[in-house]
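Notes follow the structure.
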Amino acid sequence: MSTIKTVYAREILDSRGNPTLETSIWTDDGFGAVASIPSGASTGKYESKELRDGDNNRYNGMGVLKAVANVNLIIAKAIIGLDPQKQNDIDQTLINLDNTQDKSKLGANAILSVSQACFELGAACNNLQSFQYTSQKYGLINPTATRMPTPIFNLINGGRHGAGNLQFQEFHCIPSSRKLFSESLEMGTELYHLLKNILIEKKAIHSVGDEGGFAPNLFSNTDAIELLVEAIETSQFKINDDVYMGLDIAASSLFSNGKITITDNKDPMNGEQFGAFLNDLYHKYSLLSIEDPFGEDDWQSWSNFQALMGKQIMVVGDDLLVTKKNRLKQAIETNACNAVLIKPNQVGTISETLQTIKLAKENNMSVIISHRSGDTEEDFLADLAVGTGADFVKFGAPGRGERVAKYNRLLYIQEFLQNNQ
Ligand code: PGA
Ligand code: ZN
């Protein structure tokens with residue numbers, strides 16, 4: 001049996017130029033694994049908390065040296081000698097050591113970096129790739145090249161991720177799930193490049209936002225959807241057949257005193273009015289999915305919306321659920337949504353992430369594995385998605401290295417599965 005011998009965390013940069021952790025773990029018999037951790041900008045109120053130094057003399061207070069020290073000086077002592085394949089035991093050790101509800105003492109960033117590196121180390125000790133280890137260990141699916149997750153491409157970035165004036169955070173193109181992953185990726189890049197040309201022709205800003213999608217100045221959010229329609233219509237693909245559209249409203253950052261103000265509508269709207277507005281958008285554009293249409297505490301609006309739209313579209317809970325099993329349970333009980341966004345750093349350990357995925361699957365909810373707006377060249381999420389049989393991945397636009405690293409890993413896994421079946 002391999003046991004953990006060395007644990008070493010260091011500070012590296014994420015795609016926004018902010019510090020984050022990279023943790024390496026080795027066993028006594030020479031296996032090793034490395035994990036780095038992403039960071040959100042539109043974070044949900046109920047997420048586990050990343051630990052930042054708050055020392056304004058370094059990186060505007062965003063340094064993570066305290067979290068690094070927590071790994072190297074506190075966590076290392078507690079897990080050296082453990083079997084890296086005992087993921088539940090390791091994660092429970094981390095949870096006990098932190099002993100807060102939101103992992104704020106040691107930092108969810110410190111804890112996840114260790115949990116994830118241990119998971120990858122467990123795979124290495126078995127001479128398995130992480131996606132194979134995930135599927136064998138948790139028995140959620142037997143991956144094949146034709147059952148890969150469908151990519152959700154975020155081609156226009158608004159809200160807190162864009163430099164422009166759009167209120168909605170993300171405007172998606174989603175290939176039909178009957179396509180092979182590699183075909184979907186090619187489609188995503190074709191639409192991405194067509195959209196760029198359209199923005200250039202219109203003399204609109206075509207620089208990109210945090211997730212690689214374009215961040216133009218437009219009059220309204222509906223205009224951004226129209227641009228996606230134009231890109232699709234210029235392409236060889238048929239709208240609502242080969243490719244669909246979706247939105248992430250990220251509404252927790254938009255509602256204030258129960259009302260949302262968007263440039264598409266003269267007056268601020270309450271939850272009910274906004275639900276009706278989105279219903280109209282659905283009828284006009286046949287949207288496939290809408291994420292976070294309401295704030296994270298507005299359970300009633302979610303349930304009303306799910307009753308109205310849940311049969312036609314994916315109603316996706318991100319800030320609402322924050323990858324936590326107890327919040328997902330509440331969503332199931334109140335029938336608040338039918339799809340769950342999975343971001344391991346919202347909860348803080350891989351075991352808890354897998355428990356949430358399992359509960360979603362048991363309740364026939366769609367599962368979407370997601371990056372964060374600040375991310376690294378880490379590609380573990382691709383393995384997690386394939387290994388759990390997730391329905392979708394949301395890894396941003398097919399541009400910017402930290403996004404492409406994850407898509408490239410999926411390409412590799414597809415080829416591997418094609419050659420080994
Ligand atoms: P975040 O955004 O990583 O900034 O939280 C991603 C999302 O809301 O889906
Ligand atoms: Zn979101």
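The table below lists the values:
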item	result
Residue, farthest from ligand 1 (Cβ to nearest atom), within the stretch 276-296, restricted to residues that are hydroxyl-bearing (Ser, Thr, Tyr) and out of contact with any helix residue (DSSP H, G or I) (no Cβ under 7 Å at 6 or more places or on another chain)	Ser286
Exclusive hit being in contact with a strand residue (DSSP E or B) (Cβ under 6 Å, 6 or more places away or on another chain) and more than 30 Å from Thr261 (Cβ to Cβ), set Ile350, Ile369	Ile369
Lone qualifier among Ala78, Ala145 - being more than 23 Å from Lys343 (Cβ to Cβ), in the same structural domain as Asn217 (by TED's automatic domain parsing), modelled with pLDDT of 95 or more and surrounded by fewer than 24 Cβ atoms within 10 Å (Cβ to Cβ)	Ala145
Within the stretch 231-275, tally of residues that are within 16 Å of ligand 1 (Cβ to nearest atom), assigned to a helix (DSSP H, G or I) and not polar (S, T, N, Q)	1
Some residue of the stretch 301-308 being away from ligand 2 (no atom under 15 Å from the Cβ), not β-branched (Val, Ile, Thr) and not in a helix (DSSP H, G or I)	no
Index of the failed condition, Val340 passing every other in (1) in a helix (DSSP H, G or I); (2) touching a strand residue (DSSP E or B) at 6+ places or on another chain (Cβ under 6 Å)	(1)
Conditions (1) assigned to a loop (DSSP other than H, G, I, E, B); (2) within 15 Å of ligand 1 (Cβ to nearest atom); (3) modelled with pLDDT of 95 or more: number failed by Thr20	(1)
Selection within the stretch 30-82 - in a strand (DSSP E or B) and closer than 30 Å to Asp248 by Cα	Ala35, Ser36, Ser39
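Conditions tested, residue by residue: (1) within 16 Å of ligand 1 (Cβ to nearest atom); (2) buried (at least 22 other Cβ atoms within 10 Å of the Cβ); (3) of a type outside the set (Gly, Ala, Ser).
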residue	(1), (2), (3)
Gln300	no, no, yes
Ser303	no, no, no
Ala307	no, no, no
Leu321	yes, yes, yes
Asn335	no, no, yes
Gln346	yes, yes, yes
Val393	yes, yes, yes
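The values are calculated or read from the model by the stated rules, or taken from the named source; none is laboratory data. Here the structure is a predicted model, which means the values were calculated and not measured. Cβ coordinates were reconstructed from backbone atoms using ideal geometry, including for glycine residues, and neighbour counts include every protein chain displayed.
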